[in-house]
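Reading through the structure tokens given below for one structure.
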Amino acid sequence: MMKQICQSCGMPLIQKGIDLRGSERGNTKSEKYCSYCYGNGAFLQPTMTKEQMIKRGIEGIQRSKSNKLVKWIFVKSYPVQLNQLERWRNQ
């Protein structure tokens, strides 16, 4: 089974057994977006640009506990990954 990731930021929707999915209207769990990007059926930052998401994602990667090489790989590949996600695919 493929690991599901947020179609806005690329973060895993389930991480270390913790459900990080956002919510749809009516409080059901979103199958596409995490709780950092999406809540109550809408994006939490609807005017965010892809460039702003790249900056936010890279800051998160740099704060992570991963080693320097892993961080470097994630930072370099993050913009490419975003282009493949539903929210940013056509921008």
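No lab work stands behind these numbers, since they all come straight from the coordinates. Bear in mind the structure is a predicted one, so any value in this text is a computation, not a measurement. Glycine also receives a Cβ, built like all others from the backbone with ideal geometry; neighbour counts cover every protein chain displayed.
In the stretch 1-19, of all residues being touching a residue at least 12 places away in the same chain (Cβ under 8 Å) and over 21 Å from Val75 (Cβ atoms), the one that is farthest from the chain's Cα centre (by Cα) corresponds to Gln4. If you filter the stretch 10-29 down to residues that are more than 24 Å from Ile58 (Cα to Cα) and touching a Lys or Arg at 6+ places or on another chain (Cβ under 7 Å), you find that the one that is surrounded by the most Cβ atoms within 10 Å (Cβ to Cβ) is Ser23. Each residue in the stretch 8-49 was checked for being under 23 Å from Val70 (Cβ atoms), not hydroxyl-bearing (Ser, Thr, Tyr) and not in a strand (DSSP E or B), and 8 of them qualify. Take Gly57 and tell me if it is part of a strand (DSSP E or B) and either small (Gly, Ala, Ser) or surrounded by 14 or more Cβ atoms within 10 Å (Cβ to Cβ) (or both). So Gly57 does not fit the description; no.
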